[in-house]
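The values are calculated or read from the model by the stated rules, or taken from the named source; none is laboratory data. If you're wondering where the values come from, they're calculated on a predicted model, not measured in any experiment. Ideal geometry is used to build each Cβ from the backbone, glycine not excepted, and the neighbour counts take in all protein chains shown. When the accessible area is computed, the model is the full protein with side chains, heavy atoms only, and any ligands, DNA or RNA have been set aside. Shrake-Rupley method; radii C 1.70, N 1.55, O 1.52, S 1.80 Å.
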Amino acid sequence: MTLVDPEGLPEIEACRQVAIASGSRMVFIAGQVAWDAAGVTVGAGDLAAQVEQCCLDVATGPAAAGATFADAAKPTAYVVDRTPDKMAQFMEGATRAARKPGTVPAAPATLVGVQALGIPDHLVEIEAVAVLD
């Protein structure tokens, strides 16, 4: 996969604007929330901690198909009660996750504000589509 910022579109530090993927297998990673392996919520009330956990969980999903987070062509994040001031917390969590091996959240991403998620303690959910050869 090649990640690019085409001329004429803004460069965004956290991600690229376009992912050019060539592969024959697609991997769909279900929305991941801030749960640890035992199903316990991580970072209750802490958006940055929950984003970090979600990114780590999204990185774990592609491994089942022989892929890594770097193969994720399109992550989508759903943030509860999203307001502009929450972006710093979101980016802090994504940056912390990116420092850990196996996570490279640089593909084009979409962030959507939602009223609520399935569990009241969850502040964010991240899903992704990966492309493999």
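Considering every Cα-Cα pair within segment 1-61, what fraction, in whole percent, is farther apart than 18 Å?
Values: 1014 of 1830 pairs.
Cα-Cα pairs of segment 1-61 separated by over 18 Å account for 55 percent.
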Name the residue farthest towards the positive end of the dipole of the chain from the options 79, 91, 61, assuming +1 on Cβ of Lys and Arg, -1 on Cβ of Asp and Glu, about the Cα centre. 61
At R0 = 25 Å the Cβ-Cβ FRET efficiency linking residue 22 and residue 112, nearest 0.05, sits at 0.35
Which residues qualify? For residue 82, with a placed amide H closer than 5 Å and at least 5 residues away or on another chain, they are 114
Rounded to the nearest 10 degrees, the helix 87-98 long axis (Cα) sits at an angle to the longest Cα principal axis of the chain of 60
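Taking Cα pairs under 8 Å and at least six residues apart, what relative contact order does the chain come out at, in percent? Show your work: numbers first, answer last.
Numbers: 284 pairs, mean separation 50.9, N = 133.
The normalised contact order for the chain reaches 38 percent.
Can you tell me the FRET efficiency between residue 121 and residue 99 if r is taken as the Cβ-Cβ distance and R0 is 25 Å, rounded to the nearest 0.05? Could the numbers behind the result be given before it?
Details: r = 25 Å, r/R0 = 1.00.
For R0 = 25 Å, the calculated efficiency reads 0.50.
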So the carbon and sulfur contribution to the accessible area of the chain, 1.4 Å probe, in percent, is 56
Regarding segment 40-133, what are the three Cα extents along the principal axes, ordered largest first, in Å? 37, 24, 23
Cβ neighbours within 10 Å, averaged per peptide: list 119-129, 30-40 in order, most packed at the top. 119-129, 30-40
Stretch residue 36-residue 9 to full length: gain in nm at 0.36 nm per residue minus the Cα-Cα span? 6.0 nm
